[in-house]
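Written below as structure tokens is the structure these notes are about.
The values are calculated or read from the model by the stated rules, or taken from the named source; none is laboratory data. This is a predicted model, so every value here is computed, not measured. Backbone-built Cβ (ideal geometry, glycine too); neighbour counts: all protein chains shown. SASA here: full protein model, heavy atoms, side chains in, ligands and nucleic acids out. Shrake-Rupley method; radii C 1.70, N 1.55, O 1.52, S 1.80 Å.
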Amino acid sequence: MLCWLRYDASMTARILDGRALARRIEAELAAKVAELPFRPGLAVVMVGENPASRIYVRNKERAALRVGFAAETLVLPASTTEQVLLSHIARLNDHPAIDGILVQLPLPSQIRPQAVVEAIDPAKDVDGFHPLNVGRLDAGAPAFAPCTPLGIMQLLAEADVALRGARAVVLGRSLIVGRPISRLLLAADATVTVVHSRTRDVAAECRRAEVLVAAVGRPEFVRGDWVASQAVVIDVGINRLPDGRLVGDVAFSECVDHAAAITPVPGGVGPMTIAALLQNTLRAAEKRRGVLPTHQ
Ligand code: GUN
């Protein structure tokens with residue numbers, strides 16, 4: 001168990017290796033899928049040619065194929081109307097071989113993301129963005145939880161981070177990360193503060209954190225002196241700098257000497273998001289096809 005208060009200036013943070021954990025999860029999933037009498041089916045939909053989204057979508061499809069799922073990626077032109085996208089979703093909702101549907105965000109401005117999210121069958125909503133799943137998660141009921149927060153919770157569990165009663169600070173209030181990770185941390189009995197763009201003293205809030213989750217999408221926003229000694233730091237950001245370097249939302253080199261643990265970028269949260277997507281898809285498939293009761 002990581003201990004918050006012990007301080008030894010010679011210590012450096014434990015690096016939470018999301019790549020290694022994701023690899024282990026994939027191996028477990030592949031073994032399970034090999035035993036199933038069906039192939040779970042995942043449909044990934046992307047609209048437009050956002051280069052970052054292209055890479056994420058390709059990585060999701062490749063991972064799905066690696067564990068033995070059937071995966072279909074649909075790339076629609078940037079000019080696609082909301083109505084056309086909704087008609088594709090309706091088709092995938094009705095498709096018996098498709099267990100999970102993911103529409104990569106962001107979407108072009110002519111398409112309302114909320115309309116898209118609400119059109120996906122909640123039983124196939126492996127992103128956990130449908131209001132039914134959001135509400136169930138909030139109520140502490142069985143739900144599909146969004147993939148990045150699910151992946152983070154598994155990284156914390158793997159590192160034996162004690163969450164009960166811990167002061168957790170979440171930077172960011174997005175539908176994809178900030179809000180749902182705050183719910184999952186609360187469900188794990190942490191004392192959760194959500195910090196956002198209107199928070200008065202962001203640095204002071206961060207300094208109180210025993211567990212800090214940064215999901216603001218701003219390169220190296222969290223400085224070393226915002227991070228308490230022996231805090232656990234989860235960096236959700238993936239930001240490309242003008243010089244081509246990939247950095248997180250946390251200034252890693254300024255924190256690594258005094259944090260208890262920290263996720264690297266890349267190789268921390270990113271691979272865990274994909275692992276959690278695969279887990280959600282398998283669960284959706286097992287529920288839809290009667291291997292698991294639908295209420296689980
Ligand atoms: N864009 C950034 N992260 C995500 C994600 O987890 N799911 C989807 N659908 N889009 C994203």
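Odds and ends about this structure:
- Scanning region 203-246 for residues that are in a strand (DSSP E or B), within 22 Å of R164 (Cα to Cα) and in contact with a helix residue (DSSP H, G or I) (Cβ under 8 Å, 6 or more places away or on another chain) yields V211, L212, V213, V232, V233, I234, D235.
- A97 among the small types (G, A, S), open to solvent by 10 Å² or more (accessible area, probe 1.4 Å) and away from the ligand (no atom under 12 Å from the Cβ): yes
- Residue match in region 9-32 (condition: open to solvent by less than 30 Å² (accessible area, probe 1.4 Å) and in contact with a strand residue (DSSP E or B) (Cβ under 6 Å, 6 or more places away or on another chain)): yes
- Of the residues making up region 37-52, those that are closer than 14 Å to T281 by Cβ and open to solvent by 10 Å² or more (accessible area, probe 1.4 Å) are F38, R39.
- In the set R223, R183, only one residue is open to solvent by 30 Å² or more (accessible area, probe 1.4 Å) and farther than 30 Å from P113 by Cα; that residue is R223.
For (1) surrounded by fewer than 23 Cβ atoms within 10 Å (Cβ to Cβ); (2) of a type outside the set (D, E); (3) within 12 Å of the ligand (Cβ to nearest atom); (4) farther than 20 Å from H295 by Cβ, each residue gets a yes or a no:
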residue: R112; (1), (2), (3), (4): yes, yes, no, yes
residue: V116; (1), (2), (3), (4): yes, yes, yes, yes
residue: A119; (1), (2), (3), (4): yes, yes, no, yes
residue: K124; (1), (2), (3), (4): no, yes, no, no
residue: A157; (1), (2), (3), (4): yes, yes, no, yes
residue: G165; (1), (2), (3), (4): yes, yes, no, yes
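- Residue that is nearest to the ligand (Cβ to nearest atom), among those in region 267-296 that are at negative phi, in a loop (DSSP other than H, G, I, E, B) and in contact (Cβ under 8 Å) with a residue 40 or more places away in the chain: G268
- Of everything in region 167-180 that is of a type in the set (G, A, S) and buried (at least 20 other Cβ atoms within 10 Å of the Cβ), the residue that is nearest to L102 (Cα to Cα) is G178.
- Any chance A159 is under 21 Å from P264 (Cβ atoms) and more than 11 Å from the chain's Cα centre (by Cα): yes
- Among the numbered conditions (1) open to solvent by less than 50 Å² (accessible area, probe 1.4 Å); (2) touching a residue at least 60 places away in the same chain (Cβ under 8 Å), the only one that N59 does not meet is (1).
- Within region 82-110, the set of residues being more than 20 Å from the chain's Cα centre (by Cα) and under 16 Å from R288 (Cβ atoms) comprises L92, N93, D94, H95, P96, A97, I98.
- Test: residue in region 149-156 that is touching a Pro at 6+ places or on another chain (Cβ under 6 Å) and closer than 17 Å to T273 by Cβ: yes
- Counted as qualifying within region 14-100 are the helices (runs of 4 or more DSSP H) with 2 or more residues that are in contact with a Gly (Cβ under 6 Å, 6 or more places away or on another chain) and farther than 30 Å from E118 by Cβ, namely 18-35.
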